[in-house]
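In what follows, a single structure is set out as structure tokens and then discussed.
The values are calculated or read from the model by the stated rules, or taken from the named source; none is laboratory data. Predicted model, so just to flag it, every value in this text is computed and none were measured. Here the Cβ is made from the backbone with ideal geometry for all residues, glycine too, and neighbour counts use every protein chain on show. The protein model used for the area step is the full one, side chains on, heavy atoms only, and it has no ligands, DNA or RNA in it. Shrake-Rupley method; radii C 1.70, N 1.55, O 1.52, S 1.80 Å.
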Amino acid sequence: MTKHSVLMVGETGFDSPVSQQLTTLPFTLEKVVDCLSAMQVIQQKKIDLIIASDQLPDATTLEFIQQVGRQNPMPALVIASPDACVEDAVAAIHAGASDFIAGNITLKRLTTLLEQQPVETPEGPIAASDASRSLLAMARQVASTDTTVLITGNSGTGKEVLAHFIHQHSPRKAQTFIAINCAAIPENLLEAELFGYVKGAFTGAYTSRPGKFELANEGTLFLDEIGEIAGSLQAKLLRVLQEREVERIGSHQSIRLNIRIIAATNQDLARQVNEGTFREDLFYRLNVFPLHCMPLRERREDILPLARHFLARTGRCLQFSPSAEQALLNHDWPGNARELENVVQRALVLTTGNTIQPEALMLPANGTQSTTTTSSPIRSNKLHKRNRTLEQEHIIDTLLQHKGHRTRTAETLGITTRTLRNKLADIRRQGIDIEALIAQSKTSDEHRYQGE
């Protein structure tokens, strides 16, 4: 277990039994009495967690939160008060505090706070599981170099968050980080977005414009959904990676680049190479240092820390009930961290008190992904016996829920229609007749409607 460093500021409401057992817990502890002393400690060493009284002799609570917030990275900050009101708690959370504790701090509560602390600050990846910690360790190691990185993983697993982490821990962190989603831009516009163009290069090019490569020069360029890039652009991209220079469309002048490339995909690029849809030389040029973001269901220790992080970011002073936390742990999360964040947002809308209950999460009681009766044809169909991934199950269920409507399905899944088409093509290649499932689902709905 990681040994955390904890700083206590002021009289934080610990009773003597807790104070006597503090030294037995897996963290280092320092105590100061005022804001000035606390800032001196924070500036001298890395502090993971600050627990501060709301009654400091030289600063108000909000002033202290603001001073801590100027630190980079900012430690997690918990405000403790024996007799605070709800308004005080809300004000502290809005100002940037991670949590607010009313009453004395028990040993159990302190231990829980430490367990919730990730390896990184809230601006970086949440890493409570061994797999995530190992991934971050590798990312930190490669960050110090200019090596090209390829991040793989399902949609919503945090690939862009990891790319930001690499940039922030690299020698280029003071320079620009530019991200472009290769699947979100139409094929005929992507080339101009990447390489830029000169005035008069094509109809509508009334002025010259730099591309993403130029804009990211001296910094980092993140190419998301790289598996979606058209074959006609793959050769041009390969040349830029090899020569470290770029030419704007309509120009013959080369622009030298000093740039770090990070690419990401949810596709199996090695399989695409075998199928002839992705250049082998480009794949090996990108796949210099591979990193894989595991699905959330395979790193369940991250679920609750992530959920609490998303909840804290909203600024609302809420907490999950034990049964709600268990429901979160039971779910398989085919949409990964992105789905989890959406569930937290949904729970905020449905929660009126201070505690989020399981019903506000609107998750299936049995932890499965089928939330509507439209998915029943899949469950009863022999095709269900095929070896499909949970992501494919989720895509098909969502498609049936929307009666085969591609645009609505893509919006619900949080992906582009182009990405959805590619995923459906992969499913069809496994011998699954999607159109037959849609037709069967519609027929089932009609029979049910007639029965009503």
Under the Karplus relation with 6.51, -1.76 and 1.60 and θ = phi - 60°, whole-Hz ³J(HN,Hα) for the range 346-355, x at Gly and Pro, equal 5, 5, 4, 5, 8, 9, 9, x, 9, 10
Here the net charge surrounding residue 65, from other residues whose Cβ is less than 13 Å away from its Cβ (Lys, Arg +1; Asp, Glu -1), is -3
Relative contact order as a percentage, the range 157-280, C-alpha pairs under 8 Å and 6+ apart, gives 28
For residue 31, the residues 5 or more places away or on another chain with a placed amide H closer than 5 Å to its own amide H are 8
Residues meeting the amide H criterion for residue 54 (H placed from the backbone, H to H distance under 5 Å, 5 or more places apart or on another chain) are 80
For residue 414, other-chain or 5+-apart residues with amide H closer than 5 Å (H placed, Pro excluded) are none
Length gained, residue 58-residue 439, 0.36 nm per residue minus C-alpha separation, equals 130.1 nm
For the range 189-238 the GluC sites (Glu not before Pro) that pass both the DSSP coil test and the at-most-14 other-Cβ-within-10 Å test are 218
Karplus ³J(HN,Hα) for the range 395-402 (6.51 cos²θ - 1.76 cosθ + 1.60, θ = phi - 60°; Hz, whole; x = Gly/Pro) runs 5, 5, 4, 5, 4, 5, 4, 9
The ³J(HN,Hα) series, computed from each phi in the range 290-296 with the Karplus coefficients 6.51, -1.76 and 1.60 at θ = phi - 60°, rounded to the nearest Hz and given as x for glycine or proline, is x, 10, 10, 8, 6, x, 4
Residue separation between residue 255 and residue 417 times 0.36 nm, minus their alpha-carbon distance, gives in nm 54.9 nm
Note: residue 268 to residue 28 extended length (0.36 nm per residue) minus current alpha-carbon separation gives 82.0 nm
For residue 233, the net charge from surrounding residues (Cβ-Cβ under 12 Å; K, R +1; D, E -1) works out to -1
Expressed as a percent, the accessible surface of the range 253-309 that is carbon or sulfur, using a 1.4 Å probe and the full set of protein chains, is 47
